[in-house]
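Accompanying notes for the structure given below.
The values are calculated or read from the model by the stated rules, or taken from the named source; none is laboratory data. The structure displayed is predicted, hence computed values, not measured ones. Cβ: placed from backbone, ideal geometry, glycine included. Neighbour counts: every protein chain shown. Surface areas here come from the heavy atoms of the whole protein model, side chains and all, with no ligands, DNA or RNA. Shrake-Rupley method; radii C 1.70, N 1.55, O 1.52, S 1.80 Å.
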Amino acid sequence: MISRVKAAVTGLLGGSLSSKQTALPASCTLEKEKEETPISPVAKPQPPCRPPFLKLSPEEFQKSGDHNARIVLTLKSPEELHWGTGYAEVINAGKSHHNEDQACCEFVVADDGDDKHNSLSSDHNLNTDLQTVCKVNDGVSFFYWALFDGHAGYGCALASSRLLHLQIYDQLRDLVYILQQTAAAPLCLDPGTRTRTENVSGTSTPEITNPPMETALRFHLEKQVFPESLVIGALENAFKQMDKQIERERTSHSIDGGCCALVTICLMGKLYVANAGDSRAIIIRQGKIIEMSHEFTPETERQRLQLLASLKPELLGNEFTCLEFPRRIQQKELKKRMLYRDHTMTGWAYKTIEEDDMKFPLIYGEGKKARVMATIGVTRGFGDHDLKVYNSNIYIKPFLSCIPEVKVYDLAGCDHNADDVMVMGTDGLWDVITDREVAEVVQRVFASHGTDQPNRYNLAAQELVLRTRGVRKENSWRLPSGKLASLDDISVFVIPLAGHGT
């Protein structure tokens, strides 16, 4: 199913780039290649690159990487993205060398599965215009927005931003006819057993044999599965396939680090929001806030992590305990009773401290400072296949899941005005601002810029980034309140909802 995507990654992330190849977009930069020929082919990491829809000149790209100036980048025209979507971003204040966020906005048509109608070619790479992935006469189309928040490098976020929508395409294209129905999905796409019989001419022909009556009756209480659940399953499988591809290609194509992923698709009048990580999406409708995702962190996923550790204690390497205590246990507290909880508990109880309880806890810290095995602060996303606990051979990945939570919003079933939007943002935005404050910022921008101004959504995204980036005072970035501003990369989509429900 993913053969086309596998071919695409070769053009996207593979090998050395010679001076004879087509130049990368202006928003990408290449290090000058060395004259000497390497002894053996070694994959080079892709150069740092910003979303193509920003259309940055080389000079603009260079200025955007200044951690001291932190210039806010935004669209040069409100027509750059589908639906007039607004977008803005800014680099971090020195936390990492490059901006590790990536963004993608596409329009995709999933055809009927016939490869001869498939316009996704194997040469789909960074040099390709990604604004329209494919156009065919028949099929189920979807709009796509995605944010990828990278860590320990930008490679995983860059690969995901270029390829995840192709994985979703592959999952949906086999469901085209089913999705076009309103009835429940068939339980089996081949309703009978295929046998072969001899016809008059002596040639063999296929024949459909219906199952025996008692077999059919045996399953008369089967569940009904509707197309909406198939879309959710397609997104979940696409995320799994994307993570597997990163695992396969991480060495040969230098895909470094990992990334959180927040994806929204609009398909047949519904918004499907898939989140794996700590980015966030909200809908602002008539001033009210509808949460479309929640963050996956060591604290929010404590029970899942503890359950895995209890089932497979070898993953802890005899260095960690899967139990949670209010704080680290001291040697003098051995044999005393202390509060604890395990994967079966939401409340707390007391237990007598034993020697095994003296190990470092699987989850340590609180809030944004909570970490899995004292290493990473998010529990879902792509990549991190080589991530280990510092100075050990204990891998973190078994505890990190690529499976997204998917929430559905009936866009066609609700009335929306021009001020109703979805806001998608990486955690650099949400670290210093609440959902309500985001809604207030958006409403203030809309109050100053009427519905006749097509750039209003872009201005709202820009204002959200400016508001959370703050202003530089001496050696730090501060909010208007004087509190510390966001020092992280910040990326924001503001997506209008009116008129797009069909």
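Numbers for the structure displayed
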| item | result |
| --- | --- |
| Residue list for segment 366-399, given a label point 7 angstrom along the Cα-to-Cβ vector of Asn318 and an amide N cut-off under 17 Å | 392-395 |
| Solvent-accessible area of Ser160 with every protein chain in place, 1.4 Å probe, in Å² to the nearest 10 | 0 |
| Positive-end residue of Gly377, Trp477, Gln462, charge dipole of segment 347-481 with Cβ unit charges | Trp477 |
| Per-residue SASA entry for Asp452, accessible area with 1.4 Å probe, Å² rounded to 10 | 130 |
| Neighbour cut-off at most 15 other Cβ (10 Å), DSSP loop, chymotrypsin sites (Phe, Trp or Tyr not before Pro), segment 384-477 | Tyr390 |
| Nitroxide proxy distance, nm - points 7 Å out along Cα→Cβ at Thr346 and His294 | 0.9 |
| 15 Å tail of the calculated P(r), segment 366-449, as % of Cα pairs | 73 |
| Modelled FRET efficiency - R0 45 Å, Gln224 with Arg436, Cβ distances, 0.05 increments | 0.70 |
| Contour excess over end-to-end distance, with Cα ends at Glu60 and Thr251 and 0.36 nm allotted per residue | 65.6 nm |
| Listed residues Ser279, Ser77 arranged by accessible area, highest first, probe 1.4 Å | Ser77, Ser279 |
| At most 14 other Cβ within 10 Å, DSSP loop - GluC sites (Glu not before Pro), segment 342-442 | Glu354, Glu366 |
| In segment 285-385, the trypsin sites (Lys or Arg not before Pro) that fall in loop regions by DSSP, at most 14 other Cβ within 10 Å | Arg327, Arg328, Lys335, Lys336 |
| Listed residues Thr321, Thr352, Thr182, Thr74 arranged by accessible area, highest first, probe 1.4 Å | Thr182, Thr352, Thr74, Thr321 |
| Computed FRET value (nearest 0.05) for Ser481 with Ala184, which takes r as the C-beta separation and R₀ as 60 Å | 0.70 |
| Length gained when the stretch Tyr390-Lys76 is fully extended (0.36 nm per residue, less Cα-Cα span) | 108.7 nm |
| Exposure of Trp348 as accessible area (Å², to 10), given a probe of 1.4 Å and all protein chains | 110 |
